[in-house]
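Throughout, read-outs are computed from the coordinates displayed, never taken from laboratory work. Because the structure is predicted, anything quoted here is derived from the model rather than measured. Here the Cβ positions follow ideal geometry from the backbone for every residue, glycine too, while neighbour counts run over all protein chains shown.
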Amino acid sequence: MQTILGANGQIAVELARELGREHTNDLRLVSRNPHKVNDSDTLARADLLDAEQTAAAVEGSSIVYFTAGLPANTALWEKQFPTMLKNALEATRNVGAKFAYFDNTYMYPQDDRVQTEDTTFAPVGRKGRVRAAMASMALEEMARGDIPVLVARAPEFYGPGRTQSITNSLIVDNLKVGKKPRVPVRDDRMRTLIWTPDASRGLAVLANTPDAFGQTWHLPVSNDRPTYREFVAMASEVFGRDPGHTVLPKWALQAAGLVFAQVRELGELLPRYEHDNRFDSTKFKARFPGFEGTSHRAGLETIRAETVAGPTRTRRSLAGL
């Protein structure tokens, strides 16, 4: 049995779909209120802050995925995330399963250096320090060697469904409702974005490849790194909107943070939008040359088709800026 901890987020939902399609029909989805993705899924209610509930949730597992998320609330991250991961690692060790940790790039330097699996952690802000501590916890478990562990790291998301990111909130969601896209800080810097289904497919491939464990992996991204100006132009064309966008300068976002809590919580990420973002996934592509990633245009066309079929509610705090 393979088990997904934190099973309601977009990454977890796409992961469950991919596992069901390609890898297993014996899948357990775990969260406080889990919902089936595949007909054959089994569900388990558990609070990952509770060690006993977490242990019961992974019983009988061969692979455990940690994809849990929390709202963008710094105090909540500091209080809950490390405990959730600690409980998950201990529970997985107790049943002798493999552990696949889905990670982000908050702990990386927010400058223009190329980001590889060997990039030194240099977190900016409290949430970055939480993610650095969590990644270090996973790496310590990997070094301990009691169970196989892998770390799969992704840059900023964009994608279908309930994908939450600055790119979705400020650009894609605005285009969905006919509003002018907004771009944070600068529009002339390269961005590396990962299509959420590709991130989940990559995680599934890694966790079902025995020799992928004991390593950190950058999940596969498109070969093109458009600037936000180029991405917005492409997105506007796909959505049939007039070209044009507004750049939200750093000071304006900081001012908005005085009013909107969710914008304030993103403040520590703003420096990365001042620089080219170059996230490198060469290692993954060399190991899995048959993995076909999704171009930005194809991804945007998928979102457009989904929107026409049935629009999703736009998140208010960022899209309305």
Exercise. Can you name the condition, by its number, that Asp26 falls short on among (1) over 22 Å from the mean Cα position of the chain (by Cα); (2) more than 24 Å from Gly202 (Cβ to Cβ); (3) touching a residue at least 12 places away in the same chain (Cβ under 8 Å)?
Worked result: (2)
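Please specify each residue of the stretch 174-192 satisfying the condition of being of a type outside the set (D, E, K, R) and touching a helix residue (DSSP H, G or I) at 6+ places or on another chain (Cβ under 6 Å). I'd like the intermediate steps shown before the answer.
First, the residues of the stretch 174-192 that are of a type outside the set (D, E, K, R): 174-175, 177-178, 181, 183-185, 190, 192.
Matches in the stretch 174-192: Asn174, Leu175, Pro181, Val183, Pro184, Val185.
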For this session: Say whether the condition of being touching a residue at least 60 places away in the same chain (Cβ under 8 Å), part of a helix (DSSP H, G or I) and of a type in the set (S, T, N, Q) is met by at least one residue in the stretch 211-230.
Result: no
For this session: Kindly indicate the residue of the stretch 248-259 that is surrounded by fewer than 17 Cβ atoms within 10 Å (Cβ to Cβ) and of a type outside the set (D, E, K, R) and also farthest from Asp112 (Cα to Cα) among those meeting that condition.
Result: Val259
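For Thr54, indicate whether it is assigned to a helix (DSSP H, G or I) and either of a type outside the set (Lys, Arg) or out of contact with any strand residue (DSSP E or B) (no Cβ under 7 Å at 6 or more places or on another chain) (or both).
yes
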For this session: Considering only residues that are in contact (Cβ under 8 Å) with a residue 60 or more places away in the chain and crowded, with 22+ Cβ neighbours inside 10 Å, look in the stretch 106-127 and name the one that is farthest from Arg32 (Cα to Cα).
Result: Tyr106
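Within the stretch 220-234, does at least one residue satisfy the condition of being out of contact with any Phe, Trp or Tyr (no Cβ under 9 Å at 6 or more places or on another chain), over 30 Å from Gly96 (Cα atoms), among the hydrophobic types (A, V, I, L, M, F, W, C) and surrounded by 21 or more Cβ atoms within 10 Å (Cβ to Cβ)?
To start, the set of residues in the stretch 220-234 that are out of contact with any Phe, Trp or Tyr (no Cβ under 9 Å at 6 or more places or on another chain) comprises 223-224, 226-227, 229-230, 232-234.
Those still in the list that are over 30 Å from Gly96 (Cα atoms) too: 223-224, 226-227, 229-230, 232-234.
Next, only the ones that are among the hydrophobic types (A, V, I, L, M, F, W, C) stay: 232-234.
When the remaining residues are screened for being surrounded by 21 or more Cβ atoms within 10 Å (Cβ to Cβ), the result is 232.
Yes, because at least one residue in the stretch 220-234 is out of contact with any Phe, Trp or Tyr (no Cβ under 9 Å at 6 or more places or on another chain), over 30 Å from Gly96 (Cα atoms), among the hydrophobic types (A, V, I, L, M, F, W, C) and surrounded by 21 or more Cβ atoms within 10 Å (Cβ to Cβ).
Residues to consider are Asp50, Asp41; find the one that is more than 19 Å from Val149 (Cβ to Cβ), touching a Gly at 6+ places or on another chain (Cβ under 8 Å) and among the acidic types (Asp, Glu).
The match here is Asp41.
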